[in-house]
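Below is one structure, written out as structure tokens; comments come after it.
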Amino acid sequence: MRCGVTGLRPTFGRVPRTGAMTLCWSLDKLGPMARSAEDTLLILSAISGPDPGDLSSVACHLDFESGGPVSGLKVGFFPAWMNESPATEVDRAALETVKRLGMAPVEVGLPDWPYASLNTILFAEAAAAFEELTLSGGLDQLKMQVPDAWPNTFRQSRFLSAVDFVQADRLRRKVCAEMARLFTKVDMLLVPALRDEVLTITNFTGHPGLTLPAGFVEVTEARSDWAPDPANPMPTFAQKRRVPHGVTLVGRLFEEGTIGRAGVALEKAFGVSGRRPPGF
């Protein structure tokens, strides 16, 4: 979203995780990052399929036609999300581009639930995956030790209750059902890439997402997804800096080809994927 490249997070189970470092067994996905939407789909076709090293991986078909028609595709969007931070003019302009390409924007909504509570599952699974590092004291050697960095998340998660985990899993099932309902009305979603609920929900429901550059924004501070460290604040700039900004398409389970087709069309219409700093 921030680097001017395109990233594809596939449906859970499409790409085997054999040999990858585990964080969360029921959430982890592996997908490509590339310079274009088409390239991510070409890579996905090469790495998809079952593997005996990952029992969650399944045989699945990828139906993708680069340059295929997109007119008539129903693209869901959340009006409130598009009109408030962290959405930008780039996100709102992307919705207008959807209309210009002949796709049909459809207003959608989800229940006002505490989606962040799902992270109880993420924290518990991650703490289990890194239990040996925690109990051996190896976490003490990691650089970032601020309250919400991974080392303290692993330590704190050992005190989660089984009841908390089960209740979070029950919410997860309800969210899966809501996403299934939503996708009976639309073919995909267009969402601001930095909207927390998007990443949280798709992590836990397994839906695929394609994030591609859609324009540029100006910033006065360096950006990072790492836990903020008050002792080492991010650098600030005397003059605003122009940086890439991406949007995300979320698709139905195992329908990466549809969001790929739309992504190729949007990428061409945005006209920004080929722009790079001097020397790149």
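The values are calculated or read from the model by the stated rules, or taken from the named source; none is laboratory data. From a predicted model like this one, the values you see are computed outputs, not experimental measurements. Note that each Cβ is placed from the backbone with ideal geometry, even for glycine, and that neighbours are counted across all protein chains shown.
Would you pick out the residues in segment 214-243 that are part of a strand (DSSP E or B) and either loosely packed, with under 12 Cβ neighbours inside 10 Å or free of Cβ contacts under 8 Å to residues at least 60 places away in the same chain (or both)?
Correct list: 218, 219, 220, 221, 236, 237, 238, 239, 240, 241, 242.
So which of 126, 87, 94, 116 ends up being surrounded by fewer than 19 Cβ atoms within 10 Å (Cβ to Cβ) and among the hydrophobic types (A, V, I, L, M, F, W, C)?
One residue alone meets the criteria, 116.
Across segment 249-261, what is the number of residues that are crowded, with 23+ Cβ neighbours inside 10 Å and either part of a strand (DSSP E or B) or within 17 Å of the chain's Cα centre (by Cα) (or both)?
6
Determine the pairs where a residue that is touching a residue at least 24 places away in the same chain (Cβ under 8 Å), located within segment 192-213, has a partner that is in a helix (DSSP H, G or I) and of a type in the set (S, T, N, Q) with Cβ atoms under 8 Å apart, the partner being 6 or more residues away or on another chain.
200/119; 208/202; 209/202; 210/40
Please work out which one of (1) out of contact with any Pro (no Cβ under 7 Å at 6 or more places or on another chain); (2) surrounded by fewer than 17 Cβ atoms within 10 Å (Cβ to Cβ); (3) under 30 Å from residue 40 (Cα atoms); (4) not aromatic (Phe, Trp, Tyr) is the condition residue 193 fails and give its number.
Single failed check for residue 193: (2).
For the subset of segment 132-154 comprising residues that are surrounded by 13 or more Cβ atoms within 10 Å (Cβ to Cβ) and touching a residue at least 24 places away in the same chain (Cβ under 8 Å), which member is farthest from residue 28 (Cα to Cα)?
146
Do you know which residues across segment 180-206 are within 16 Å of residue 248 (Cα to Cα), assigned to a helix (DSSP H, G or I), among the aliphatic types (A, V, I, L, M) and at pLDDT 95 or above?
If the condition is that a residue be within 16 Å of residue 248 (Cα to Cα), assigned to a helix (DSSP H, G or I), among the aliphatic types (A, V, I, L, M) and at pLDDT 95 or above, then 201 is the only one that fits.
Condition test on residue 272, is it buried (at least 19 other Cβ atoms within 10 Å of the Cβ), touching a residue at least 12 places away in the same chain (Cβ under 8 Å) and not polar (S, T, N, Q)?
Criteria not met by residue 272.
Could you list all residues from segment 104-126 that are in contact with a helix residue (DSSP H, G or I) (Cβ under 7 Å, 6 or more places away or on another chain) and under 30 Å from residue 264 (Cα atoms)?
105, 107, 108, 110
Only residues that are closer than 11 Å to residue 257 by Cα, assigned to a loop (DSSP other than H, G, I, E, B) and aliphatic (A, V, I, L, M): list them for segment 34-63, please.
62
The conditions are (1) assigned to a loop (DSSP other than H, G, I, E, B); (2) closer than 28 Å to residue 200 by Cβ, and residue 66 fails exactly one of them. Which is it?
Unmet for residue 66, out of (1) assigned to a loop (DSSP other than H, G, I, E, B); (2) closer than 28 Å to residue 200 by Cβ: (2).
Among the listed residues 75, 70, 98, identify the single one that is among the aliphatic types (A, V, I, L, M) and over 22 Å from the mean Cα position of the chain (by Cα).
70
Restrict the check to segment 83-102 and report whether at least one residue is out of contact with any helix residue (DSSP H, G or I) (no Cβ under 8 Å at 6 or more places or on another chain), at pLDDT 95 or above and at positive phi.
Scanning segment 83-102, I find at least one residue that is out of contact with any helix residue (DSSP H, G or I) (no Cβ under 8 Å at 6 or more places or on another chain), at pLDDT 95 or above and at positive phi, so the answer is yes.
With the requirement that a residue be closer than 16 Å to residue 77 by Cβ and out of contact with any strand residue (DSSP E or B) (no Cβ under 8 Å at 6 or more places or on another chain), what does segment 179-222 give you?
Hits for segment 179-222 are 179, 183, 194, 195, 197, 201.
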